[in-house]
Structure formats: C-alpha cells, structure tokens
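Shown next, in structure tokens, is the structure this report addresses.
The values are calculated or read from the model by the stated rules, or taken from the named source; none is laboratory data. What you see is a predicted model, and the numbers here were worked out from it, not measured in a lab. Please note: Cβ atoms are built from the backbone with ideal geometry, for glycine as well, and neighbour counts cover all protein chains shown. With ligands, DNA and RNA removed, areas are computed over all heavy atoms of the protein, side chains included. Shrake-Rupley method; radii C 1.70, N 1.55, O 1.52, S 1.80 Å.
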Amino acid sequence: IACTEAGRLAGVAIVGRPVSRYLDDGHTLEVNRLCRDGTKNACSFLYAAAWRAARAMGYRKIVTYILDTESGASLRAAGWVCAGLAGGKRWTGSRRPKENLYPAQMKYRYEKSIGGVLTMANKLDRIEKDIQKVKSKIAEYNKQLRELEGQKTEQENLQIIQLVRGMNMTREEFAAFLRGGALQTAPTLTPYHEKEDTGHEE
C-alpha cells in the first residue's frame, strides 16, 4: 500500500501474515513495515488504508507493533487501539538471527478488528475512571468526617463547661483540678449563688 503527495511517493506500508504463529489464524493480517518521507498524516493514512484493504479481502483483524518509546499517535488517529506490551526484547529460538535486526526494546501491539475488542487501553481507561470516582467519594466522606468530628468536639466542650459550672469550685480549686491535683474536700454541687457569704464574720 502506498500514498502520494503532489504526485510523488510519500509513504508505503507492507502488509502480510502475522509473524507470531499464535495470531496467524487465517483471519488476521499484520502491518510488517511502514515508512514515510516526513509528509504529515501519511502514517495514519496508511494504517487506515491497510485496515480497509484487509476488511475488503475478508480479514477480521489487523495488528502491528511499535517500540515502547513511540507514542502511537498515528495508530490512534486511524482508530487502532493498544493491546498492551507484546513479546520480548529479542528473538528467541533456533531461527533467531545472529545479529539483532531491531532495537532491543519492548514493544506495544496495536490492533483493529471488526466489532472491536476490550483491549488493555480500554481496560486502563475504565479503571482510571473508577479510580477517580472512588477518590471523589473518599474526599466527600473525609469532609463529612471532619464536620462530624467538629460537632463531637463542640458537644464535648459544652459538657465540660456545664460540669464545671455545676461543681461550684473556687478559682483555686478549679486550677488544682486542671493540674490534676486532688482536692482537699469534694466540691458541692449547689449553685454558686446559694453559698453563704461568711467573709465578714469574725
């Protein structure tokens, strides 16, 4: 498959059977090679054209691989989705080449199929949305918890104030009580205004 710009060749894509025997099921194709001369949107155009051609020929799925350092923007623009990391850094087995033909990096597999599939990217998006929902609920519950704790503290303070007023302590007795010291005599619970004033007697 090729594309042109102003009458000149701008990019090409080679499509064939999947290299992985596990994907070579007779219904899947793979974009084995793709290159362009720098023309804008040439990659996404070729990926989209490859899928249209594969579907017209009766295939149900098409895949390709990119390095884990590549963004995959052209594939996503063409409607492909990421299926996650695939394969290893190097070929293994008896048929592996003597020298590395590709960068020794992990790769992402992108694919497109009839009806679509729930890929790794779709799952991650759904999980991320669920995380945001849970975080929002946690923030709401934390706010409610702080409000309830504030109300509890306020009620405890009111109870302490009422208790102190009812104990009819002198300032000295109250200071000793706060310091944790024992009182010489238990304070009476009679209201302060009923206490007899004997300070003028001899």
Condition first: surrounded by fewer than 17 Cβ atoms within 10 Å (Cβ to Cβ) and modelled with pLDDT of 90 or more. Can you find one or more residues in segment 83-94 that meet it? no
How many residues are in contact with a helix residue (DSSP H, G or I) (Cβ under 7 Å, 6 or more places away or on another chain) and open to solvent by 20 Å² or more (accessible area, probe 1.4 Å) when one looks only at segment 58-78? 2
Could you pull out the residue among 124, 183, 178 that is at pLDDT below 75 and either within 29 Å of residue 71 (Cα to Cα) or in contact with a Gly (Cβ under 6 Å, 6 or more places away or on another chain) (or both)? 124
Here the qualifying pairs (Cβ atoms under 7 Å; residues six or more apart or on different chains; first in segment 1-26 and free of Cβ contacts under 8 Å to residues at least 60 places away in the same chain and surrounded by 12 or more Cβ atoms within 10 Å (Cβ to Cβ); second acidic (Asp, Glu) and part of a loop (DSSP other than H, G, I, E, B)) come out as 10/37; 11/37; 17/24; 18/24
Considering 31, 19, which residue is at pLDDT below 90 and under 21 Å from residue 113 (Cα atoms)? 19
